[in-house]
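Everything below concerns the one structure shown next.
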Amino acid sequence: EKTNGNFISEAHYCSTPQCWGLLFSSGRKANGPGTEDPSVTLFREYLRLKTVHPEPDYGTSETLLPCPVCPGRVVAIITWVGSRPELKSVVLNSHTDVVPVYEEHWKHDPFAAVKDEHGNIYGRGSQDMKCVTIQYIEAIRRLKAAGKRFSRTIHLTFFPDEEVGGHKGMETFVKHPEFQKLNIGFALDEGLANPTNAYTVFYGERNPWWITVRCPGSPGHGSRFVENTAAEKLRRVINSFLEFREKEKHRLNTNECFTLGDVTTVNMTMVKGGVAYNVIPAEMDVSFDLRIPPTVNLQEFEVKIKAWCKEAGEDVTYDFAQKHMDQNFTSTEESDPWWHAFSSTCKAMNVTLKKEIFPAATDSRFIREEGLPAIGFSPMNLTPILLHDHNEYLNEQVFLRGIQVYERLVPALASVPPLSGEE
């Protein structure tokens with residue numbers, strides 16, 4: 001399917017949100033005195049689209065193909081074919097959904113994309129990660145306008161539901177035949193802001209484990225000392241998990257080389273049980289969100305959880321709502337051609353890189369699980385980390401600088417010489 005205008009050479013496979021016509025339009029108005037950069041205007045218009053959970057308005061275009069991945073979900077893949085399309089491709093990935101907001105805590109409407117007198121643009125998704133989506137698009141637009149073309153094919157991919165685990169997005173898509181057709185060699189995905197002058201780059205992620213522990217017990221009247229109650233078991237379970245949490249927190253605070261991605265975080269997120277004040281419940285459940293570094297032996301860690309449940313009392317069990325076992329790293333050795341292209345380009349721009357394990361989870365984990373290298377990178381320095389926070393914002397100058405960064409990075413990655421097996 002061919003796109004309109006001069007932006008992208010080929011739409012490899014599309015089922016598009018309502019915003020794609022806006023994003024891929026070829027008309028660009030020149031700036032006049034006091035006018036806003038068109039890239040910033042586009043970014044702000046994208047922020048106003050309410051792709052917010054629990055009911056994100058992804059929308060569809062009836063003129064393009066229906067999405068065969070998950071009904072009701074929208075995936076878009078836009079392809080710029082390289083001069084040597086048989087070579088492995090470069091993927092620029094982003095997600096279109098955003099997390100909910102507590103509007104009463106925002107100084108501006110979180111979906112109005114208000115820009116203040118300092119150039120700070122407020123909006124849900126301004127950091128996570130609608131900024132990167134537009135930066136990709138604007139960088140590609142500028143490269144094509146300059147008549148550039150590279151040996152490797154470039155895919156821009158736009159995925160739904162990353163913020164709710166990616167089950168109806170990237171997790172499903174990597175098992176789809178269309179994923180194999182992309183012939184991916186390397187992928188870029190989202191990162192985090194950095195309050196310093198450096199840019200943070202992520203070469204791996206912690207594994208999210210969402211676990212519910214079920215504590216059955218003896219029921220009875222609320223006036224009695226009933227033995228072996230669910231609440232007693234629940235208390236022991238909570239103590240075991242939170243004592244481990246304190247140990248990991250201590251490790252982080254006492255090792256200056258550690259970042260959040262180097263330790264396991266544990267947070268109790270839900271407690272369920274009980275029917276009335278005067279009835280001792282027959283079961284109580286507690287849920288935890290764990291994020292485990294890829295350096296941890298995951299099998300041994302689950303043995304630890306089993307021990308905590310056994311110590312809590314008879315018949316205490318657990319199950320997982322989410323359990324990722326990916327321990328793949330993307331190489332950051334200078335001998336690796338993909339990393340060398342990335343890092344040397346940053347060095348040429350006098351960009352300082354800070355390498356870390358991503359503390360949360362992104363769609364990159366599904367790409368790495370397929371054995372493919374992926375780097376998490378959002379060019380936002382001198383910026384507080386505000387993803388999922390109240391008053392999320394990004395300064396327009398930081399945003400514009402990010403476009404320039406991708407204008408340099410994309411050609412470098414798309415020009416990596418043929419690797420072993422590609423000749």
Just to verify a result, which residue in segment 272-300, among those that are in a loop (DSSP other than H, G, I, E, B) and of a type in the set (Ser, Thr, Tyr), is surrounded by the fewest Cβ atoms within 10 Å (Cβ to Cβ)? TYR277
Grab the helices (runs of 4 or more DSSP H) fully contained in segment 329-423, keeping just those with 3 or more residues being among the aliphatic types (A, V, I, L, M), under 29 Å from ALA113 (Cα atoms) and more than 17 Å from the chain's Cα centre (by Cα). 396-414
Here's a check for you: in segment 185-201, which residue that is crowded, with 21+ Cβ neighbours inside 10 Å and out of contact with any Pro (no Cβ under 9 Å at 6 or more places or on another chain) is nearest to SER287 (Cα to Cα)? GLU190
Every residue from segment 374-387 that is modelled with pLDDT of 95 or more, closer than 22 Å to SER364 by Cβ and either out of contact with any helix residue (DSSP H, G or I) (no Cβ under 7 Å at 6 or more places or on another chain) or among the polar types (S, T, N, Q) (or both): PHE377, SER378, ASN381, THR383, ILE385, LEU386
Output the residues belonging to segment 324-355 that are more than 19 Å from ALA414 (Cα to Cα), in contact with an Asp or Glu (Cβ under 9 Å, 6 or more places away or on another chain) and surrounded by fewer than 19 Cβ atoms within 10 Å (Cβ to Cβ). MET325, ASN328
What single numbered condition from (1) in a strand (DSSP E or B); (2) under 26 Å from the mean Cα position of the chain (by Cα); (3) not acidic (Asp, Glu) fails to hold for PHE258? (1)
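Here is a yes/no grid of residues against (1) among the aromatic types (Phe, Trp, Tyr); (2) out of contact with any Leu (no Cβ under 7 Å at 6 or more places or on another chain):
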position	(1), (2)
MET325	no, no
THR330	no, yes
PHE342	yes, no
LYS347	no, yes
ALA361	no, yes
SER364	no, yes
GLU370	no, yes
VAL398	no, no
LEU409	no, yes
Checking the condition in contact with a Cys (Cβ under 6 Å, 6 or more places away or on another chain), closer than 29 Å to ALA312 by Cα and either of a type outside the set (D, E, K, R) or buried (at least 20 other Cβ atoms within 10 Å of the Cβ) (or both), which residue from LEU234, LEU242, LEU252 passes? LEU234
Could you say whether any residue in segment 401-416 is over 30 Å from LEU298 (Cβ atoms), in contact with a His (Cβ under 9 Å, 6 or more places away or on another chain) and β-branched (Val, Ile, Thr)? yes
Among the candidates VAL98, VAL90, VAL132, residue that is in contact with a Lys or Arg (Cβ under 9 Å, 6 or more places away or on another chain), crowded, with 23+ Cβ neighbours inside 10 Å, closer than 17 Å to TYR406 by Cβ and in the same structural domain as ASP189 (by TED's automatic domain parsing): VAL90
Restricting attention to segment 146-162, does a residue exist that is surrounded by 20 or more Cβ atoms within 10 Å (Cβ to Cβ), touching a residue at least 24 places away in the same chain (Cβ under 8 Å), in the same structural domain as PHE399 (by TED's automatic domain parsing) and farther than 21 Å from ILE367 by Cα? yes
Strands (runs of 3 or more DSSP E) wholly inside segment 144-223 containing at least 1 residues that are more than 18 Å from the chain's Cα centre (by Cα): 154-159, 184-189, 207-216
Those residues of segment 101-123 which are buried (at least 16 other Cβ atoms within 10 Å of the Cβ), in a loop (DSSP other than H, G, I, E, B) and in contact with a His (Cβ under 9 Å, 6 or more places away or on another chain) amount to VAL101, TRP106, PRO110, VAL114, GLY123
Of the criteria (1) modelled with pLDDT of 95 or more; (2) assigned by TED's automatic domain parsing to the domain that holds VAL410; (3) not β-branched (Val, Ile, Thr), which one GLU369 fails: (1)
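The values are calculated or read from the model by the stated rules, or taken from the named source; none is laboratory data. Given the structure is predicted, the values throughout are model-derived calculations rather than measurements. Every residue, glycine among them, receives a Cβ derived from its backbone with ideal geometry; neighbour counts consider all protein chains shown.
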